[in-house]
Amino acid sequence: MTYCCGVLVRDGLVLIADTRTNAGLDNISTFRKLHIFEEPGHHVLGLATAGNLSVSQSVVSLLREGVEDHEAGERHQLRDCRTMFQAAQLVGTAIRQVHKVNGELMEQSGISFEVSFLLGGQILGDCLRLYMVYSAGNFIECTPDTPFLQIGEHKYGKPVLDRAVTYEMEISDALKSSLISMDSTMRSNLGVGLPIDVMVVSPDTLRSELLYRVEPGEPYFHDLRERWSAALRSAHASIPRPPYLKDVRTRRLTEV
């Protein structure tokens, strides 16, 4: 399993992805799931992947080598797209082409063609945007009303983002919330784990502001995990007891 998260706020974009891939309890590997397509001054794109590893790697390879346009007799790459919408369409086309070649054989072998992507970034002349692309090649766009998207094992990290993330927050807080969301997921699902790849993009810079890998034992992430756990315990302790608990205890003593 995997977990990837994208947060789009006024100050910029954060994309994070874990690297753990497992095909059983005794077959755990590390694979990069956050792929960067960047030409400073023209475009900066991050593509996070979840689902079947062979499918996602095939899609990424197609996007790097060029997606075949049989009618025009051309190959199209992400660098050729003039808008982020066109880039999301191209990712969808690549997924459908991989499905056309491998989908039926995979299903006959009992292998699910399950894959999803987060595509975020900016192309010269367009805005900073974030999309989630599904297995069928269709997609949705992130909006200020809900300024984050998730793929993979998302349920454990979603409550953190629901409570903390707003479109107006600073990019540093968006990154911090994303890392806490990743930590919450890792604590509840062994299929998600370090290292974590991080990408940060600021509006109109057309380059990556930060490309970073959080390795096991990295001091800041370790400190963040400890501080978040301590903050939760402190918040729990500061909340008054339920007022009806005393009645329940009294009734039990009376019954005895």
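The values are calculated or read from the model by the stated rules, or taken from the named source; none is laboratory data. Being a predicted model, the structure only gives us computed values, none of them experimental. Reconstructed Cβ throughout: ideal geometry from the backbone, glycine too, with neighbour counts over all protein chains shown.
At-a-glance table
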read-out: Residues of the range 40-69 that turn out to be surrounded by fewer than 16 Cβ atoms within 10 Å (Cβ to Cβ) and within 24 Å of R20 (Cβ to Cβ), as a count; value: 3
read-out: Residue that is surrounded by the most Cβ atoms within 10 Å (Cβ to Cβ), among those in the range 126-173 that are of a type in the set (G, A, S) and in a helix (DSSP H, G or I); value: A164
read-out: Residue ranges of strands (runs of 3 or more DSSP E) in the range 11-76 with at least 1 members among the hydroxyl-bearing types (S, T, Y), within 25 Å of S181 (Cα to Cα) and modelled with pLDDT of 95 or more; value: 43-51
read-out: Condition check for M106: touching a strand residue (DSSP E or B) at 6+ places or on another chain (Cβ under 7 Å) and either closer than 25 Å to T143 by Cα or surrounded by fewer than 22 Cβ atoms within 10 Å (Cβ to Cβ) (or both); value: no
read-out: Qualifying positions in the range 114-125 - within 16 Å of R96 (Cβ to Cβ) and not in a loop (DSSP other than H, G, I, E, B); value: V115, S116, F117, L119
read-out: T143, sole failed condition from (1) farther than 24 Å from V44 by Cα; (2) without any contact (Cβ under 8 Å) to a residue 12 or more places away in the chain; value: (1)
read-out: All positions within the range 11-27 that are touching a residue at least 60 places away in the same chain (Cβ under 8 Å) and over 14 Å from the mean Cα position of the chain (by Cα); value: D11, G12, N22
read-out: From the options M132, M84, residue that is closer than 26 Å to G193 by Cα and of a type outside the set (K, R); value: M132
read-out: S184 closer than 21 Å to K33 by Cβ, touching a residue at least 60 places away in the same chain (Cβ under 8 Å) and part of a helix (DSSP H, G or I); value: no
read-out: L128 closer than 21 Å to L206 by Cβ, out of contact with any His (no Cβ under 8 Å at 6 or more places or on another chain) and modelled with pLDDT of 95 or more; value: yes
read-out: From C4, C81, residue being buried (at least 21 other Cβ atoms within 10 Å of the Cβ) and either modelled with pLDDT of 95 or more or within 29 Å of K158 (Cα to Cα) (or both); value: C4
read-out: Residue within the range 105-113 that is among the charged types (D, E, K, R), part of a helix (DSSP H, G or I), farther than 30 Å from L211 by Cβ and free of Cβ contacts under 8 Å to residues at least 40 places away in the same chain present; value: yes
read-out: Residue within the range 185-203 that is modelled with pLDDT of 95 or more, among the acidic types (D, E) and either touching a Cys at 6+ places or on another chain (Cβ under 9 Å) or surrounded by 10 or more Cβ atoms within 10 Å (Cβ to Cβ) (or both) present; value: yes
